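Down below is the structure, laid out as structure tokens.
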Amino acid sequence: MTVRTRSLSTVVLAATCAVLAACGSQIPPSKFYAAQGFLGGATQSAANNGTGGGTNNNTNGGGTVIGPTGTATGTATAGPGGTLATGAAGGPTTSAAGGGGTGGGGTTTGAGAGAAAGDTLGSCAGFTNGTGITSSAITLANVADVSGPVPGLFAGAQQAMKAYVAYFNSTVPNGICGRKLALNLLDSQTSSTGDQQAATTACGSSFAMVGSMGAFDDGGAQTVGQCGIPDLRSAATEQARINVPNVFGAMSLNAAYIPTEPAKYYESAFPGTTDHAAMLWLAAGAAQLNGTNEMKGFTQAGMHFVYSAGIDVTAFNYATYVAGMQQAGVKWVEFVGAIQYAVRLAQAMQQQNFHPIFVLDPEFYDPSFVQSGGSAVNGVHIWVNQVPFEEVGSNPEMQKYELWLQRTNPGAKPNYFGLFSWAAGALFVKEALALGGQLTRANLIAKLKAVDNFTGNGLFGPQHVGAKETGSCYGFIKLNGTTWVREAPASGQFTCGTVVKVS
């Protein structure tokens, strides 16, 4: 079954449990994937899609904004390279379609004049200030691993939130009931202690946490649970954080649920190979659980594993593992771990002239994997849960993300978790606008619990945000030399199946 990413389907895109690794100075093996993501070209587009302004337009619309419950009226002015579209009049519950700049043409009354077409705008009556909210601003906290053993590990999450806040403040003149967004950037220091300290700061100074990403997010789990702050993350990595009632992820990752579609796709695409499969993982941290869970899920999907092994993080000679797979007649291999270890395995297979179907999780959709692996990783297969960055030219939301990323963080590379952080920002705004004067922490949490089939405006397949369950849809790519190419399905689409609960 194939669905387009922009449709609100009842099937959702799968998020895997593969992770970044580490030993010594690295992150614990297999905690999460795609920390740096794959760089796509930043495409500036002057197209106006009626969502509050074209991506290359002037951000100053004409007209006047009057107070938190006032009206934004006027004709937008196109910037260099921009195009003007005629905006429709918006009522108190639905925003105007927006012209070439903020405010759009026409009039919108409600929580956020000039917001995206189709967004529900609640009345601002009764709006009260509180923790993180003044009469002029709503402060959001973004907590990410910026320092620590891998400096800048999740800097992309903070860069994306800076970009989204700048985009929103520039394109929605009335903000959220007259309030702009402010951003409090906090460093979780790649440690549980750092995450707990950042969570404490966020609880006392910010209205919500949005787009956060950390390797040790269990550290702040109890803190955010006790203070009741809405915590809408890029993704939650530790089960302790996932289990907190007020914690959600734009990517609804849950390690207990394994998608079956990757197994079924490879069974169909490479007949006979998955009857002789191998699963290898780093024998440390979450990698072992993730590797064994995937093997269980894929077995239920019809694969047959004839070899499995955990690789010690201190091992450098992978020849023994390769020889074991050769002796077992392995034809299909998946590895769960991190880039440097996957490269080591690929090189060992190349040296021993062993060429099975080699499959990896989305972590490896990364420039450093291609650069460090060389010819040994040519032909590797990856299952992904986002629209590939190579398809930015046909994805307006990705164009917007990349454009504003460059405006606010010149030279920054768009990456996987940044993509989901941007989407988390968009989801926060959507729900806050709908609440209007009823925006409180408790009411926002209640709204997030009801969110399902979230696509980030077409950036990825639908996610079970409120239910906190891994989805079931994928795209499949292959490394051709130094270029990633899509194997299936067609551009902008995912193939969907089911998930199985294995733990």
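Each value in this text was obtained by applying a stated rule to the coordinates, not by laboratory testing. Source: prediction; values computed, not measured. Note: ideal-geometry Cβ built from the backbone for every residue, glycine included; neighbour counts use all protein chains shown.
Can you give the net charge of the other residues whose Cβ lies under 14 Å from the Cβ of GLY297, counting K and R as +1 and D and E as -1?
Working: positive: LYS264, LYS296, LYS501; negative: GLU261, GLU267, GLU294, GLU334, ASP361, GLU469.
Taking every other residue near GLY297 into account, the sum is -3.
Among residues other than TYR365 whose Cβ falls under 14 Å from its Cβ, what is the net charge (Lys/Arg +1, Asp/Glu -1)?
Working: positive: LYS413, LYS478, ARG486; negative: ASP361, GLU363, ASP366, GLU390, GLU391, GLU487.
Computed value for this residue: -3.
Give the lysines reachable from LYS400 as a straight Cα distance under 28 Å; neighbours fewer than 8 places away on the same chain don't count.
List returned: LYS162, LYS180, LYS413, LYS430, LYS447, LYS449, LYS468, LYS478.
Determine the sum of side-chain charges near PRO262: Lys and Arg each +1, Asp and Glu each -1, restricted to other residues whose C-beta is under 11 angstrom from that of PRO262. Working shown, then result.
Values: positive: LYS264; negative: GLU261, GLU267, GLU294, GLU334, ASP361.
Value of the local net charge: -4.
So if I take the alpha carbon set of region 267-320, get Rg, then get Rh from the Kirkwood formula, what is the Rg over Rh ratio?
Working: Rg = 12.5 Å, Rh = 12.1 Å.
So for region 267-320, dividing Rg by the Kirkwood Rh gives 1.03.
Let me know the whole percent of all Cα-Cα pairs from region 178-276 that are separated by more than 24 Å.
On the way: 1689 of 4851 pairs.
Here the long-distance tail beyond 24 Å is 35 percent of all Cα pairs in region 178-276.
Could the peptides 125-132, 385-392 be put in order, highest first, of the mean number of other beta-carbon atoms found within 10 Å of their residues?
Numbers: 125-132: 14.8, 385-392: 22.5.
Top of the packing list down: 385-392, 125-132.
With a/c under 1.5 counting as rounded, go ahead and sort region 224-320 into rounded, prolate or oblate using the C-alpha gyration tensor (a ≥ b ≥ c being the square roots of the eigenvalues; past the cut-off, prolate if a/b is larger than b/c, else oblate). Numbers along the way, then the final one.
Numbers: a/c = 3.43, a/b = 1.68, b/c = 2.04.
The shape class here is oblate.
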